[in-house]
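The values are calculated or read from the model by the stated rules, or taken from the named source; none is laboratory data. All values derive from a computational prediction rather than experimental measurement. When we count neighbours, we look across all protein chains shown, and the Cβ atoms used for this are built from the backbone with ideal geometry, even at glycine.
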Amino acid sequence: MCTVTYIPSKSNIFITSIRKEKNGHSVVLPPEQYSFSSGSIIFPKETVSGGSWIACHANGNSVSFLNAAPAADASEEQSYRKSRGLILLDLADHTTPFNCFLAINLNRIAPFTAIISDNFHLFECYWDGKNKSYTELDAHAPHIWSSVDLYSHDAASKRKMQFEESIAAIKELNQKNILEFHRDFDQKESAEGQTGASEQFVTSSITLITVGQQIAKMQYLDVINRQLFDTTPGMGPTTIGKQ
């Protein structure tokens, strides 16, 4: 839950999450389509909690999470009543996830920032552990968010400038180019030591949601094992192969 980007094109929106983990040891299942009360939701599943950091509903809505505070210590974690990853699925399993954020009880839930694409409206929703706040953003402009536990304010500002300059240089905004852009962006940043994060953190995956008028699909690049998975509602996951 370290970086989330939102990139609109004339026909689609692309929402991407770059996930960094300490030593890359977390066990995650590649995205699959799961049945919920509101319909089908695609997401990579964290095996410990059963939750996720990014999900896409068959109706085109999506929710992505970032950490909104430094990592909790053991005593703090024990005080939380539910994983944030399961809260994300609660939001995704609602016909209007933004309204669900406004209504849901977040008492004793760890802080988070939720990037919600709801019926082609874009919201940045924030829970600081005590209070909720939100901002509706321009859904026709690109955006980038950086986890506060890994990036300082200055580092996040620098990333935003680099991201906007790099996006403007892409000639065609399509699924293939967007995925390659994020892989190159992350590799260049890591090589130049710009992450502002401990060397213990490594990129474990890049997840890309593509939403159009008649499509909602997810691609998942397992960076560590160099495998690319493709999942579309109504179809099972497809392993595209080594990357």
| task | Return yes or no: is S147 closer than 26 Å to S79 by Cβ and touching a Lys or Arg at 6+ places or on another chain (Cβ under 9 Å)? | result | yes
| note | Residues in the stretch 130-166 that are in contact with a Phe, Trp or Tyr (Cβ under 8 Å, 6 or more places away or on another chain), of a type in the set (A, V, I, L, M, F, W, C) and modelled with pLDDT of 90 or more total 4
| note | A careful count of residues in the stretch 139-170 that are closer than 19 Å to A68 by Cα and not hydrophobic (A, V, I, L, M, F, W, C) gives 12
| said: Given the criteria in contact with a Phe, Trp or Tyr (Cβ under 7 Å, 6 or more places away or on another chain) and of a type outside the set (K, R), does L122 qualify? | reply: yes
| message | So in the stretch 129-144, with the set limited to residues that are over 21 Å from A156 (Cβ atoms) and among the charged types (D, E, K, R), which one is surrounded by the fewest Cβ atoms within 10 Å (Cβ to Cβ)? | response | K130
| task | Looking only at the stretch 173-194, decide whether some residue is at pLDDT below 90 and either touching a Cys at 6+ places or on another chain (Cβ under 8 Å) or on the phi > 0 side of the Ramachandran plot (or both). | result | yes
| strands (runs of 3 or more DSSP E) (entirely within the stretch 37-100) containing at least 1 residues that are modelled with pLDDT under 90 | 62-67
| remark: Per the filter on the stretch 129-159, residues over 17 Å from the mean Cα position of the chain (by Cα), assigned to a loop (DSSP other than H, G, I, E, B) and of a type in the set (A, V, I, L, M, F, W, C) are A141
